[in-house]
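Student: My questions all concern the structure below.
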């Protein structure tokens with residue numbers, strides 16, 4: 001999800017800059033207006049009317065004849081002063097009698113009054129000029145203040161424009177940063193999708209490898225079952241051979257016992273016959289000689305019969321012995337054939353076991369080789385190539401434990417940064433997924449990898 005919101009810090013910086021600009025302009029205008037002098041009000045001009053009789057009498061001056069003509073308009077008093085009010089009860093001080101200068105004094109008073117009027121007019125004109133000058137100065141100051149106010153307003157406007165421009169620049173920069181951030185986010189998402197796809201491919205490959213291992217395990221189990229059946233069959237054959245040997249031995253013992261019993265029976269019969277014959281002989285001897293011939297004939301018949309019986313017995317015994325020998329030979333041959341068959345089966349089972357061990361070892365090497373490639377790819381994915389080391393190479397020799405942890409790692413490289421980065425990548429990629437088969441796991445516990453900085 002893209003984040004189009006401006007950073008809070010940039011908005012705060014823009015607002016703060018705008019506020020500072022406004023305050024700077026306002027303070028500048030206030031300082032300008034405060035340091036300038038306010039227009040002075042026009043001075044008040046007082047007009048004083050003096051009566052001629054209030055003027056003190058002038059001191060008499062000698063009249064000097066001169067060619068110049070003195071006029072009243074040229075005689076202007078330099079300064080007009082208001083005289084004090086006359087004291088009504090002032091004492092009369094006698095004075096010297098002066099020459100009669102009334103006419104001269106009146107003329108002079110008129111001239112002085114005229115001069116005072118002219119001076120008053122000049123003062124009024126000067127006051128008017130001063131008032132006009134003060135008004136012009138006040139107007140100039142008012143114009144200056146207005147101009148300063150306009151300049152302050154212009155500066156405020158410029159500051160506002162500068163703030164707007166700064167805000168526009170900040171907005172453009174924020175948009176550019178947002179666009180760059182969006183690009184980085186897109187690149188990160190693309191990298192994440194690629195990583196997920198790679199993980200999915202690795203998971204699929206590992207699942208296929210696991211399925212293959214499972215099938216191999218099933219085949220091995222089936223082979224083990226067949227081996228067990230073969231072993232059971234061999235054991236059954238061995239048991240049958242032993243039972244046959246025991247039976248043959250028992251038969252032989254039975255035959256010996258039977259022969260002994262028959263011999264004993266024959267001896268008993270012979271003894272009985274001899275006893276009977278002795279008894280008969282004694283009886284015959286006790287009998288008369290008449291019966292001697294009959295007895296001799298009976299004896300001869302008995303002898304013939306005994307011989308015949310002995311012959312029959314001898315033939316039966318010979319036949320029995322011949323049958324026993326033939327049976328013994330047949331049993332020996334059958335036992336030899338069975339032993340030969342068992343030897344062949346043993347040789348075949350040994351060959352199959354040898355082939356199975358070779359296949360298992362080859363399969364373990366194959367699984368270990370695949371696991372080593374996976375380990376090397378995992379280390380390469382975790383490796384962060386150091387900057388400024390392009391073209392540098394490194395060789396790593398890694399030894400793992402049965403659980404997949406790093407037991408030892410030896411890195412050979414002329415660049416210490418490359419060496420450190422490869423060792424860090426080897427340790428960061430742990431733990432490594434070890435094969436379940438003990439032989440494959442033992443084979444995969446050590447692997448080597450070569451690295452080149454691009």
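Student: Does residue 215 satisfy the criteria of being over 23 Å from residue 373 (Cβ atoms) and part of a helix (DSSP H, G or I)?
Tutor: Spelling it out, it is not the case that residue 215 is over 23 Å from residue 373 (Cβ atoms) and part of a helix (DSSP H, G or I).
Student: Pull out all pairs, ordered by first then second residue, where Cβ-Cβ is under 6 Å, the residues are six or more apart or on different chains, the first lies in the stretch 132-151 and is at negative phi and touching a residue at least 40 places away in the same chain (Cβ under 8 Å), and the second is part of a helix (DSSP H, G or I) and surrounded by 11 or more Cβ atoms within 10 Å (Cβ to Cβ).
Tutor: 148/32
Student: Among the residues in the stretch 375-382, are any modelled with pLDDT of 90 or more, more than 27 Å from residue 237 (Cβ to Cβ) and in contact with a helix residue (DSSP H, G or I) (Cβ under 7 Å, 6 or more places away or on another chain)?
Tutor: The answer is yes; a qualifying residue exists.
For every residue, the table says whether it meets (1) under 20 Å from residue 442 (Cβ atoms); (2) in contact (Cβ under 8 Å) with a residue 24 or more places away in the chain; (3) under 25 Å from the mean Cα position of the chain (by Cα).
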{"position": "368", "(1), (2), (3)": "yes, yes, no"}
{"position": "374", "(1), (2), (3)": "yes, yes, yes"}
{"position": "377", "(1), (2), (3)": "no, no, yes"}
{"position": "386", "(1), (2), (3)": "no, yes, yes"}
{"position": "391", "(1), (2), (3)": "no, yes, no"}
{"position": "409", "(1), (2), (3)": "yes, no, yes"}
{"position": "412", "(1), (2), (3)": "no, no, no"}
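Student: Follow-up. Which ones in the stretch 277-295 are surrounded by fewer than 13 Cβ atoms within 10 Å (Cβ to Cβ) and within 30 Å of residue 317 (Cα to Cα)?
Tutor: Scanning the stretch 277-295 gives 278, 279.
Student: Would the stretch 151-162 turn up any residue that is more than 30 Å from residue 29 (Cβ to Cβ) and in a helix (DSSP H, G or I)?
Tutor: No, the stretch 151-162 has no match at all.
Student: Looking at the structure I just gave you, is residue 301 at pLDDT 85 or above, part of a helix (DSSP H, G or I) and assigned by TED's automatic domain parsing to the domain that holds residue 224? Show your work before the answer.
Tutor: Working: at pLDDT 85 or above: no; part of a helix (DSSP H, G or I): yes; assigned by TED's automatic domain parsing to the domain that holds residue 224: yes.
It is false that residue 301 is at pLDDT 85 or above, part of a helix (DSSP H, G or I) and assigned by TED's automatic domain parsing to the domain that holds residue 224.
Student: Does residue 331 qualify as being closer than 30 Å to residue 251 by Cβ and surrounded by fewer than 16 Cβ atoms within 10 Å (Cβ to Cβ)?
Tutor: Considered against the rule, which asks whether it is closer than 30 Å to residue 251 by Cβ and surrounded by fewer than 16 Cβ atoms within 10 Å (Cβ to Cβ), residue 331 comes out as no.
Student: Only one of 223, 184 is in contact (Cβ under 8 Å) with a residue 24 or more places away in the chain and either surrounded by 12 or more Cβ atoms within 10 Å (Cβ to Cβ) or out of contact with any helix residue (DSSP H, G or I) (no Cβ under 6 Å at 6 or more places or on another chain) (or both); which?
Tutor: Numbers: 184 fails: in contact (Cβ under 8 Å) with a residue 24 or more places away in the chain.
Exactly one of 223, 184 is in contact (Cβ under 8 Å) with a residue 24 or more places away in the chain and either surrounded by 12 or more Cβ atoms within 10 Å (Cβ to Cβ) or out of contact with any helix residue (DSSP H, G or I) (no Cβ under 6 Å at 6 or more places or on another chain) (or both), namely 223.
Student: Is it true that some residue in the stretch 325-334 is part of a helix (DSSP H, G or I), modelled with pLDDT of 90 or more and more than 30 Å from residue 236 (Cα to Cα)?
Tutor: The answer is no, given that none of the residues of the stretch 325-334 is part of a helix (DSSP H, G or I), modelled with pLDDT of 90 or more and more than 30 Å from residue 236 (Cα to Cα).
Student: All but one of (1) over 30 Å from residue 435 (Cβ atoms); (2) within 28 Å of the chain's Cα centre (by Cα) hold for residue 168; state the number of the condition that does not hold.
Tutor: Tallying (1) over 30 Å from residue 435 (Cβ atoms); (2) within 28 Å of the chain's Cα centre (by Cα), residue 168 fails exactly one: (2).
Student: Give the stretch 422-442 a look and list any residue that's in contact with a strand residue (DSSP E or B) (Cβ under 8 Å, 6 or more places away or on another chain), surrounded by 18 or more Cβ atoms within 10 Å (Cβ to Cβ) and assigned to a helix (DSSP H, G or I), or say none.
Tutor: First, pick out the residues of the stretch 422-442 that are in contact with a strand residue (DSSP E or B) (Cβ under 8 Å, 6 or more places away or on another chain): 422-423, 426-427, 430, 432, 434.
Next, only the ones that are surrounded by 18 or more Cβ atoms within 10 Å (Cβ to Cβ) stay: 422-423, 426, 430, 432, 434.
Within the stretch 422-442, 422, 423, 426 meet the criteria.
Student: State which residue is surrounded by the most Cβ atoms within 10 Å (Cβ to Cβ) when the search covers only the stretch 368-389 and only residues that are in a loop (DSSP other than H, G, I, E, B) and at negative phi.
Tutor: Start the filter on the stretch 368-389 by keeping residues that are in a loop (DSSP other than H, G, I, E, B), which leaves 383-389.
From what is left, the residues that are at negative phi are 383-387, 389.
Numbers: 383: 21, 384: 10, 385: 16, 386: 17, 387: 8, 389: 17.
Among those that are in a loop (DSSP other than H, G, I, E, B) and at negative phi, it is 383.
Student: Right, another one. Which one of these is at pLDDT 75 or above, in contact with a helix residue (DSSP H, G or I) (Cβ under 8 Å, 6 or more places away or on another chain) and outside the structural domain of residue 351 (by TED's automatic domain parsing): 209, 245?
Tutor: Values: 245 fails: outside the structural domain of residue 351 (by TED's automatic domain parsing).
On inspection, the qualifying residue turns out to be 209.
Student: Report, by residue number, each residue of the stretch 189-215 that is free of Cβ contacts under 8 Å to residues at least 12 places away in the same chain and more than 20 Å from the chain's Cα centre (by Cα).
Tutor: Across the stretch 189-215, the qualifying residues are 201, 204, 205, 207, 208, 210, 211, 212, 214, 215.
Student: Sticking with this structure for a sec: Can you tell me which residues in the stretch 349-361 are more than 21 Å from residue 442 (Cα to Cα) and without any contact (Cβ under 8 Å) to a residue 60 or more places away in the chain?
Tutor: Hits for the stretch 349-361 are 350, 351.
Student: For residue 386, only one of the following conditions fails: (1) under 30 Å from residue 238 (Cα atoms); (2) touching a helix residue (DSSP H, G or I) at 6+ places or on another chain (Cβ under 7 Å). What is its number?
Tutor: With respect to (1) under 30 Å from residue 238 (Cα atoms); (2) touching a helix residue (DSSP H, G or I) at 6+ places or on another chain (Cβ under 7 Å), residue 386 is out only on (1).
Student: Could you tell me which of the residues 361, 319 is at pLDDT 85 or above and within 60 Å of the chain's Cα centre (by Cα)? So that I can check it myself, show each step before the final result.
Tutor: Details: 319 fails: within 60 Å of the chain's Cα centre (by Cα).
Of the residues listed, the single one that is at pLDDT 85 or above and within 60 Å of the chain's Cα centre (by Cα) is 361.
The values are calculated or read from the model by the stated rules, or taken from the named source; none is laboratory data. Please read all numbers here as calculations on a predicted model, not as lab measurements. Note that each Cβ is placed from the backbone with ideal geometry, even for glycine, and that neighbours are counted across all protein chains shown.
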